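Following this message is one structure expressed as structure tokens.
The values are calculated or read from the model by the stated rules, or taken from the named source; none is laboratory data. All figures in this text were calculated on a predicted structure; none of them were measured in a lab. A quick note on method: Cβ atoms are made from the backbone with ideal geometry, for glycine too, and the neighbour counts reach across all protein chains shown. Ligands, DNA and RNA are stripped out before the accessible areas are found, and what is left, the full protein with its side chains, is counted by its heavy atoms. Shrake-Rupley method; radii C 1.70, N 1.55, O 1.52, S 1.80 Å.
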Amino acid sequence: MIKLMQEQFLKSNMNISPIKNEKDYQKALKELEKVFDAEPNTPEGDKGQVLVLLIEDYERNIIPLKLCRS
């Protein structure tokens, strides 16, 4: 599935980058809001799928680390 999403990403020319910090995270959330109701298998729907994966990864791996350090 990841391979297919990578191919779709490259074809659609999405301007998406890894989420590395809180600023990137907030930006990704705002971008997701714009395409949240997009139809599947459209460029907007594909962008939404990629954003969800990036956001979930950040929330699962980075946010818990920040909470442990506080």
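Please identify the pairs in which a residue from region 51-63 that is within 19 Å of residue 38 (Cα to Cα) has its Cβ atom under 9 Å from the Cβ atom of a residue that is open to solvent by 70 Å² or more (accessible area, probe 1.4 Å), counting only partners at least 6 apart or on another chain.
Close Cβ pairs (under 9 Å, with a partner that is open to solvent by 70 Å² or more (accessible area, probe 1.4 Å)) amount to 53/2; 54/17; 54/18.
Go through (1) over 18 Å from residue 63 (Cβ atoms); (2) at pLDDT below 95 and name the single condition residue 20 misses.
Condition not satisfied by residue 20: (1).
Within region 27-52, count every residue that is open to solvent by less than 80 Å² (accessible area, probe 1.4 Å) and within 15 Å of residue 15 (Cα to Cα).
Number satisfying all stated conditions: 12.
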